[in-house]
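Asks: Handing you this structure, nothing more for now.
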Amino acid sequence: MSKLIYLVIDGAADSLSDYTTSLGMANTPALDKVASLSLCGLMYTIGKGVAPESDAAVMALLGYDPHVYYTGRGPLEALGADVEIKEGYEVAFRANFATINEQTLEIVDRRVGRSLLSEEARELAKALDGMKLGLYDGYVRVKATVGHRAVVVVGSHSYRLSDEVDNTDPAYAKVGKISVARAKFDKRVAECKPLVDIPEARRTAELVNVFTRKSIEILSQHPVNLARASRGQPKANVILVRDSGGSLPRVDPIERRFGLKFGAVVEMPVEKGIAKLLGMEVAEVGEPTGDRARDYSERLNATLSLLKKVDAVYVHLKGPDEPGHDGLQKDKAEAIEEIDAHFVKPLLEKMDLSGVSMIVTSDHATPPKARSHTDDPVPVLVYIPGLEPDGISRFTERDCSRGSLGVIEHGWLLLPRIRELLKHRG
């Protein structure tokens, strides 16, 4: 059986209703070449009406229905950052360092203008890590990860806690265990509220709110932030939490589920956590440097190296999502072009297409006009050597909508469908 490369371009899709999409604007000869050889279609990564975060979307794309298996982003971020949690007594959250007006708690920037360096975040996290909360024998552990991102674990030495609490980051709402982007929200730090009326949830919410208040007091006068302010940079003067979870999902390893040994080339903690959870071999790659040519070359080399040892390599590339959130369509199109030029083009040059199958898609749409994730379907292409292609000339939302794959209603249906196509091929 041929090897498989599964490329997910983070936030690359826009909305079919857009007159021009970022993929449509982008010059992508390598992706278009793969599309011309492939079966194409559209896919809702979780389902129509759900604007997913990357974590639940990635679980779905790897064949696991998040409505069944997902326990929240927090535990996956923690796993990816090598932070263990004590079930029943600790709750993990994904967190952002953010900038607020300290008097009004109005959020100025949820990501500190994307200017916070990882080393700055690590110093800020040290100032919060181990904080005693003064009630319910509570404490907090904080670990910075990449840029403005962090993991926060709220715990109690004596009292049981619950992950059934809402976010302090108002941009996301919890719907069951899944966090979804809000199209509109009050730009103030939200109060953490229990989602069920039980003592464990009430305790957890209280502890989170104490942590939020204390974090503002500490971060406001931290030397890192005073130095940033002196340079005219925004302070990272609060930490917003979301996507609580108190345990890791119980899942079958991906190799047992699909009969393929998987590797992963991923850079963010949540994708690393998912890959570890599913038993995938994770390649070590560095944090993004801002030099896209260098970063994508490193990820390409890791992909080709892994492909010698495993049957399938899942590759998750950042780039287009951030300018989508910032409303910058031209920048988003350029980010897609850089992936095409520095990853896909050399990938095609270095491998024999007769022996490698490919999937290319996105984990969600991030239309620049929305500045957030939306529930729009994403384009998907499937290249399997020997299968008659659809004759699609470009990898765009509109072009892929004409393909023979039609509309795939849920991302977790994709890999089983690929497995059947591979069996059919023989």
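Asks: If you go through the stretch 15-50, how many residues are small (G, A, S), assigned to a loop (DSSP other than H, G, I, E, B) and surrounded by fewer than 23 Cβ atoms within 10 Å (Cβ to Cβ)?
Replies: Here the count works out to 4.
Asks: I've got another one for you. Looking at the structure I just gave you, is Y296 touching an Asp or Glu at 6+ places or on another chain (Cβ under 9 Å), without any contact (Cβ under 8 Å) to a residue 60 or more places away in the chain and aromatic (F, W, Y)?
Replies: yes
Asks: So which of L306, L300 ends up being in contact with a His (Cβ under 9 Å, 6 or more places away or on another chain) and of a type in the set (A, V, I, L, M, F, W, C)?
Replies: Values: L306 fails: in contact with a His (Cβ under 9 Å, 6 or more places away or on another chain).
On inspection, the qualifying residue turns out to be L300.
Asks: Still on this structure, please answer the following. Of everything in the stretch 182-233 that's of a type in the set (G, A, S) and in contact with a strand residue (DSSP E or B) (Cβ under 6 Å, 6 or more places away or on another chain), which residue is nearest to L161 (Cα to Cα)? Steps first, please.
Replies: Start the filter on the stretch 182-233 by keeping residues that are of a type in the set (G, A, S), which leaves 183, 190, 201, 205, 215, 220, 227, 229-230, 232.
Those left that are additionally in contact with a strand residue (DSSP E or B) (Cβ under 6 Å, 6 or more places away or on another chain): 201, 205, 215.
Working: A201: 6, A205: 9, S215: 20 Å.
Only one residue tops the list, namely A201.
Asks: Answer yes or no as to whether R149 is over 17 Å from P75 (Cα atoms) and surrounded by fewer than 24 Cβ atoms within 10 Å (Cβ to Cβ). Show your work before the answer.
Replies: Working: over 17 Å from P75 (Cα atoms): no; surrounded by fewer than 24 Cβ atoms within 10 Å (Cβ to Cβ): yes.
It is false that R149 is over 17 Å from P75 (Cα atoms) and surrounded by fewer than 24 Cβ atoms within 10 Å (Cβ to Cβ).
Asks: So which of V146, V153 is in a strand (DSSP E or B), in contact with a helix residue (DSSP H, G or I) (Cβ under 9 Å, 6 or more places away or on another chain) and under 16 Å from A95 (Cα atoms)?
Replies: After ruling out the rest, the residue left standing is V153.
Asks: Separate question: Residues that are small (G, A, S) and part of a helix (DSSP H, G or I): does the stretch 197-207 have at least one?
Replies: First, the residues of the stretch 197-207 that are small (G, A, S): 201, 205.
Narrowing the set further to residues that are part of a helix (DSSP H, G or I) leaves 201, 205.
Within the stretch 197-207 (the criterion being small (G, A, S) and part of a helix (DSSP H, G or I)), the answer is yes, since at least one residue qualifies.
Asks: Continuing with the same structure: What residue, among those in the stretch 226-264 that are within 27 Å of the chain's Cα centre (by Cα), in contact (Cβ under 8 Å) with a residue 60 or more places away in the chain and in a helix (DSSP H, G or I), is surrounded by the most Cβ atoms within 10 Å (Cβ to Cβ)?
Replies: I254
Asks: Every residue in the stretch 268-293 that is in contact (Cβ under 8 Å) with a residue 40 or more places away in the chain and over 19 Å from E84 (Cα atoms), please.
Replies: Within the stretch 268-293, E287, P288, R292, A293 qualify.
Asks: Of a type in the set (A, V, I, L, M, F, W, C), more than 25 Å from Y70 (Cα to Cα) and modelled with pLDDT of 95 or more, is that true of L300?
Replies: Yes, satisfied.
Asks: Give the residues of the stretch 8-40 that are hydroxyl-bearing (S, T, Y) and under 19 Å from L347 (Cα atoms), sorted by residue number. Before you say what the answer is, go through the steps one by one.
Replies: If we filter the stretch 8-40 for residues that are hydroxyl-bearing (S, T, Y), which is where we start, we get 15, 17, 19-22, 28, 36, 38.
Answer for the stretch 8-40, where residues must be hydroxyl-bearing (S, T, Y) and under 19 Å from L347 (Cα atoms): T28, S36, S38.
Residue by residue, here is whether (1) of a type in the set (S, T, N, Q); (2) outside the structural domain of D10 (by TED's automatic domain parsing); (3) under 13 Å from the mean Cα position of the chain (by Cα); (4) closer than 23 Å to V153 by Cα holds:
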{"residue": "A30", "(1), (2), (3), (4)": "no, no, no, no"}
{"residue": "K33", "(1), (2), (3), (4)": "no, no, no, no"}
{"residue": "C40", "(1), (2), (3), (4)": "no, no, no, no"}
{"residue": "Y44", "(1), (2), (3), (4)": "no, no, no, no"}
{"residue": "V50", "(1), (2), (3), (4)": "no, no, no, no"}
{"residue": "L76", "(1), (2), (3), (4)": "no, yes, yes, yes"}
{"residue": "A81", "(1), (2), (3), (4)": "no, yes, no, yes"}
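Asks: Taking the stretch 39-84 as the search range and keeping residues that are out of contact with any Leu (no Cβ under 7 Å at 6 or more places or on another chain) and hydroxyl-bearing (S, T, Y), which one is nearest to T145 (Cα to Cα)?
Replies: Going through the qualifying residues, I end up with S54.
Asks: For the stretch 303-327, name all the residues that are crowded, with 21+ Cβ neighbours inside 10 Å and closer than 28 Å to E255 by Cβ.
Replies: T303, L306, A312, V313, Y314, V315, H316, L317, K318 - these are the residues of the stretch 303-327 that are crowded, with 21+ Cβ neighbours inside 10 Å and closer than 28 Å to E255 by Cβ.
Asks: Under the condition of being surrounded by fewer than 21 Cβ atoms within 10 Å (Cβ to Cβ) and among the aliphatic types (A, V, I, L, M), which residue from the stretch 105-124 is nearest to the chain's Cα centre (by Cα)?
Replies: Among those residues, the one meeting the criterion is L117.
Asks: Follow-up question, since we're still on this one. Name, by its number, the condition in (1) crowded, with 16+ Cβ neighbours inside 10 Å; (2) within 15 Å of the chain's Cα centre (by Cα) that does not hold for E287.
Replies: Of (1) crowded, with 16+ Cβ neighbours inside 10 Å; (2) within 15 Å of the chain's Cα centre (by Cα), only one is false for E287: (1).
The values are calculated or read from the model by the stated rules, or taken from the named source; none is laboratory data. The model shown is predicted, which means the values in this text are computed figures rather than measured ones. Note: ideal-geometry Cβ built from the backbone for every residue, glycine included; neighbour counts use all protein chains shown.
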